[in-house]
Amino acid sequence: MGIEIKISIITPSLNSEKFIKKNLQSIHLKQKGRFTIEHIIVDGTSKDNTIKIINEFKKKYKANIKLIRGKDKNMYDAINKGMKLVTGDVWACLNTDDQYIPDIFLMVVDEFKKQPETEVVYGSLEYVNEKGNFERKLYLPKFDVDFLILAKASANIYQPAAFLKKSVIKKVGFFNTKYNYASDYDYFIRVGLNCKLKQINKPFTKFTLHDNSITWGNKKTATVQKKESEEISAKYVKIAGINKKSIKIKLFLHYLRQIKLKNLKYLFKRTIKKFV
């Protein structure tokens, strides 16, 4: 990679007027450093004010935004369309309802420059509510692809907080559109099996918890996601030749890791909700 790195952000979008402005601000206004930004928004023909907000923002700030419109099979189909247009040295995916932490791009760029052999740099998440208020921080264990596969869910790396070199697309390929809700889990298992990763113990992204979230606020889609994840896990147990073993202790330690002072209010609310 050259001295000035280009970062491509892919954002799948559909009727996102409620969150898109903060998403745009976090990418184009709150990241400073010696790099350039390419923002590829793939919109599934929104019917609300999403496109108007994007175009007004692009004009006002002269933002490098490529807006692609058309029907998609699912979110991952939209991401794949964006991946085919990536011209940056580094790429990432950020959904419209999420935001990057200010100046996180600079940290990512510095890591890639310090360790040229690294192909993926990733951090953790901060969960926020619809108003953007802090809910809890996610504390990740050290990356272990066997644990990721056996956990039957994303447990030590999350798509919204991962930045990948463009070369990863050639090495790993695209998202599997067979899965409607768990293809990111499938993708990062492939990344873990084939790429060199660098973990940063800091939050990269604000992940918004809200009732209209595809898997957070919808029990039906969350159930489908769980089923897809179990299928993916079983597939890679065979592909990677992993010995089936209990990870209950590792999962327990992962949950225990979340019990921090910053998270106590959130954990208390979740506990009370279960019993009310």
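The values are calculated or read from the model by the stated rules, or taken from the named source; none is laboratory data. Note that this is a predicted model, so its numbers are computed, not measured. Using ideal geometry, Cβ is built from the backbone for each residue, glycine included, and neighbour counts are taken over all protein chains shown.
Structure notes:
- Contacts under 9 angstrom Cβ, first residue in the range 20-34 being hydroxyl-bearing (S, T, Y), partner modelled with pLDDT under 95 and not in a helix (DSSP H, G or I), 6 or more apart: none
- Of everything in the range 105-146 that is in a helix (DSSP H, G or I) and among the β-branched types (V, I, T), the residue that is nearest to L261 (Cα to Cα) is V108.
- Identity of the residue in the range 57-85, in a strand (DSSP E or B) and β-branched (V, I, T), that ends up surrounded by the fewest Cβ atoms within 10 Å (Cβ to Cβ): I68
- Any hit, the range 34-56, residues being closer than 20 Å to L106 by Cα, at pLDDT 95 or above, in a loop (DSSP other than H, G, I, E, B) and over 17 Å from the mean Cα position of the chain (by Cα): no
- Every residue from the range 1-45 that is more than 24 Å from D89 (Cβ to Cβ), in contact with a Lys or Arg (Cβ under 8 Å, 6 or more places away or on another chain) and among the small types (G, A, S): G44
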